[in-house]
Amino acid sequence: MPEDRSILEALRDAGFATSSSCESGTCGTCKTRLLEGKADHRDMVLMEEEKSDHIMICVSRALSGRLVLDL
């Protein structure tokens, strides 16, 4: 996934229908379970303890080579 693209953008490009609203990391609509991998959290919604198993896909990026999401 390119560094300049959000996970949401990459999923849409690949044909996945994903929910979102603000697309700025403030509303929580795109909150998704993170099953595996390391994420670059760029949202303003998740509490620190949530970041190990959730991600806001509208603004966040992958830090590891692979992220597994519960879509």
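Points to keep in mind about this one:
- Reported label for calculated Rg/Rh (Cα atoms, Kirkwood Rh) given (1) 1.01; (2) 0.91; (3) 1.16: (2)
- Relative exposure of T18, T26, T32, judged by other C-beta atoms within 10 Å (fewest first): T26, T18, T32
- Take the Cα of E48, step 7 Å toward its Cβ, do the same at D70, and the gap between the two points is 2.4 nm.
- Loop-resident trypsin sites (Lys or Arg not before Pro) (DSSP state other than H, G, I, E or B) in segment 17-71 with no more than 15 further Cβ atoms inside 10 Å of their Cβ: K38, R42, K51, R66.
Readers should treat all values here as calculations from the given coordinates under stated rules, not as data from a laboratory. Remember, it's a predicted structure, so these values are computed and weren't measured experimentally. Note: ideal-geometry Cβ built from the backbone for every residue, glycine included; neighbour counts use all protein chains shown.
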